[in-house]
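Reading through the structure tokens given below for one structure.
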Amino acid sequence: QATALAELNGLRAKLGARYPQPSPEMRLGRADRLTDAGQHRLARAEYRTLSLRLQGLAREQATVRAGASDYHLNRNTAAYKYLQALRPVQPEAAAERLYHLAACARRLKRRDEFTRLVTRLGDEHRASRWYEEALFAAGNLFLVENEPDRYLPYYQSVVDLFPKSSNAAAAHWKLAWRAYLARNGAAQKQLEDHLRLYPESPQATAAIFWLGRLAESRGEVAEARAFYLHLTSRYPHYYHSLLARERLRTLPANTDGSRPVRAAAVLAVLVPPPAPPPATATPEAESSLRRARLLNQFGLTDLAERELRFRASAAPNAYHAGLELAQQAADHGQHYQAIRYLKRYTPGYLAFPIDAMPLRYWELLFPMPWREQLERYCRARELDPALVAGLIRQESEFNPGAVSRARARGLMQIMLSTGRQLGRSVGLARVTSTALHRPETSLQLGTLHLRRVLDQYDGRLEPALAGYNAGEHR
């Protein structure tokens, strides 16, 4: 960012009046990118500047987003008062203001006001994407409170009014899962509809598994087997495939000769998982990889990364360039960046057979840095190091500097209040936010916390991991 700014300033000085001025949309887009990157203080300053220089809708959006930046910085009361005083006249800016005002009310525990603002958004801006976001947020609020009578209508509205939105698949899954939990007659259709409407949903494997369980409950062994075998063959490393293998071991043989007609029809709509990428790069890509390695060897890491990113933008070369990017990131201790590169350039990797990819690929995707400390604390807490590494990968991707929206910190994403409680029990001096970003401290306290949550749930892994992530009281 600093390098780019310096180069732009140099161009501005060189070109003078011929320097092209960015459009209002471009300037607003830059502030939005800062927001997306979590640089909320910089974004707020940019939005405030733009609110004085832009006109029309762009000006009003910048003004609203300055208040939203305060919300992202957890300055909730300040953001609420600021947004409450605004009176944008452009419909889209007005809708955005109401959404962020509702978000502030939710965080300030003003639940009735939050729901009133969501209703108002629907009354005044029914087609706006901000209404869709508000509906989904309202559903999530009451889901966390375990109030299905309140969250189901919100999720249903997302599906009905915004069926192609980014939240539609997640909202539909909540409806389908609740139907299964309630064992009502709609569960079968809801799960089948989820696969038909959202075949690439992250919950597709869950829907397949629970359709198998429903078939089991009806005594339809062939149908259940079809669902489970589809999971284990197409998605070998997914969680629900592991459960499917366990179910297959307990199912009786299909003695009545029935054929899984319904399962075949349901599974036919699914998009096949991606095939493993080719083992060898094209000659052109191989030449580019060698050039990037030389640049990196001579310390020109920025140029090496630029070369690899360019190659990764083309589908035939994405995997090989992505693997090289991941390797270089890991060599610099940025294991989280290596994981992100491989997730980006090899989506669907959990469907790849282990032997279809080189060992180094899996080691970069599932690393174990700080192994000595991790294994030492795992031995002390009687924990499986691979389990703890998996937890860290999910929580922070091995980024010691990670900070969640809830302000959990470090490798094992520990809240400051929790860290201080744990620290007292092991004789640590006052635990600070900075200390939670040190891998040694995070591993020491995080393994202790996981051990306690596991004991709380009598060693049951799934509720313990859920409790670790969301809080034991959930």
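The values are calculated or read from the model by the stated rules, or taken from the named source; none is laboratory data. Please read these numbers as outputs of a predicted model, since none were measured by experiment. For neighbour counting, all protein chains shown are included, and Cβ atoms are generated from backbone atoms with ideal geometry for every residue, glycine included. The protein model used for the area step is the full one, side chains on, heavy atoms only, and it has no ligands, DNA or RNA in it. Shrake-Rupley method; radii C 1.70, N 1.55, O 1.52, S 1.80 Å.
Here are some residues: 106, 87. Which one is more than 21 Å from residue 41 (Cβ to Cβ) and not in a loop (DSSP other than H, G, I, E, B)? First the steps, then the outcome.
Values: 87 fails: not in a loop (DSSP other than H, G, I, E, B).
Step by step, each of 106, 87 is checked, and only 106 is more than 21 Å from residue 41 (Cβ to Cβ) and not in a loop (DSSP other than H, G, I, E, B).
Of the residues 165, 157, which single one is outside any helix (DSSP H, G or I), modelled with pLDDT of 95 or more and either under 29 Å from the mean Cα position of the chain (by Cα) or more than 30 Å from residue 126 (Cβ to Cβ) (or both)? Outline the logic, then answer.
Values: 157 fails: outside any helix (DSSP H, G or I).
Of the residues listed, the single one that is outside any helix (DSSP H, G or I), modelled with pLDDT of 95 or more and either under 29 Å from the mean Cα position of the chain (by Cα) or more than 30 Å from residue 126 (Cβ to Cβ) (or both) is 165.
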Original post:
On the given criteria, is residue 383 in a loop (DSSP other than H, G, I, E, B) and more than 28 Å from residue 309 (Cβ to Cβ)?
Top reply: yes
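For (1) assigned to a helix (DSSP H, G or I); (2) open to solvent by 60 Å² or more (accessible area, probe 1.4 Å); (3) touching a residue at least 12 places away in the same chain (Cβ under 8 Å); (4) more than 20 Å from residue 181 (Cβ to Cβ), each residue gets a yes or a no:
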position	(1), (2), (3), (4)
214	yes, no, yes, no
233	yes, yes, no, yes
237	no, yes, yes, yes
242	yes, yes, no, yes
248	yes, no, yes, yes
Original post:
Taking region 252-278, which residues are part of a loop (DSSP other than H, G, I, E, B), touching a Lys or Arg at 6+ places or on another chain (Cβ under 9 Å) and surrounded by 15 or more Cβ atoms within 10 Å (Cβ to Cβ)?
Top reply: 254, 260, 270, 273
Original post:
Considering only residues of region 39-56 that are touching a residue at least 12 places away in the same chain (Cβ under 8 Å) and not in a helix (DSSP H, G or I), which is least open to solvent (accessible area, probe 1.4 Å)?
Top reply: 54
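Quick test for you: out of 137, 78, 66, pick the one residue that is closer than 23 Å to residue 158 by Cβ, of a type outside the set (Lys, Arg) and modelled with pLDDT of 95 or more. Lay out the reasoning, then the answer.
Numbers: 78 fails: closer than 23 Å to residue 158 by Cβ; 66 fails: closer than 23 Å to residue 158 by Cβ.
137 is the lone residue from the list that is closer than 23 Å to residue 158 by Cβ, of a type outside the set (Lys, Arg) and modelled with pLDDT of 95 or more.
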Original post:
Using beta carbons and a limit of 6 Å, which pairs, at least six apart or on different chains, have the first residue in region 308-334 and more than 18 Å from residue 294 (Cα to Cα) and the second one in a helix (DSSP H, G or I)?
Top reply: 317/285; 317/311; 318/312; 318/345; 319/345
Original post:
Any residue at all in region 152-159 that is open to solvent by 50 Å² or more (accessible area, probe 1.4 Å), under 28 Å from residue 226 (Cβ atoms) and free of Cβ contacts under 8 Å to residues at least 40 places away in the same chain?
Top reply: no
Original post:
Any residue in region 110-120 that is within 16 Å of residue 167 (Cβ to Cβ), assigned to a loop (DSSP other than H, G, I, E, B) and free of Cβ contacts under 8 Å to residues at least 40 places away in the same chain?
Top reply: no
Original post:
Has region 138-146 got any residue that is in contact with a Lys or Arg (Cβ under 6 Å, 6 or more places away or on another chain), crowded, with 17+ Cβ neighbours inside 10 Å and among the aromatic types (Phe, Trp, Tyr)?
Top reply: yes
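Select, from 308, 391, the only residue that is among the hydrophobic types (A, V, I, L, M, F, W, C), part of a helix (DSSP H, G or I) and more than 24 Å from residue 410 (Cβ to Cβ). Break it down into steps so the answer makes sense when it comes.
Values: 391 fails: more than 24 Å from residue 410 (Cβ to Cβ).
Selected residue: 308, the only one of 308, 391 that is among the hydrophobic types (A, V, I, L, M, F, W, C), part of a helix (DSSP H, G or I) and more than 24 Å from residue 410 (Cβ to Cβ).
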Subject >> Evaluation of residue 375 against (1) surrounded by fewer than 21 Cβ atoms within 10 Å (Cβ to Cβ); (2) touching a residue at least 24 places away in the same chain (Cβ under 8 Å); (3) on the phi < 0 side of the Ramachandran plot; (4) of a type in the set (Asp, Glu) (one fails), failing number >> reply: (2)
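With respect to residue 196, is the statement that it is in contact with a helix residue (DSSP H, G or I) (Cβ under 7 Å, 6 or more places away or on another chain) and of a type in the set (Lys, Arg) true?
Details: in contact with a helix residue (DSSP H, G or I) (Cβ under 7 Å, 6 or more places away or on another chain): no; of a type in the set (Lys, Arg): yes.
So residue 196 does not fit the description; no.
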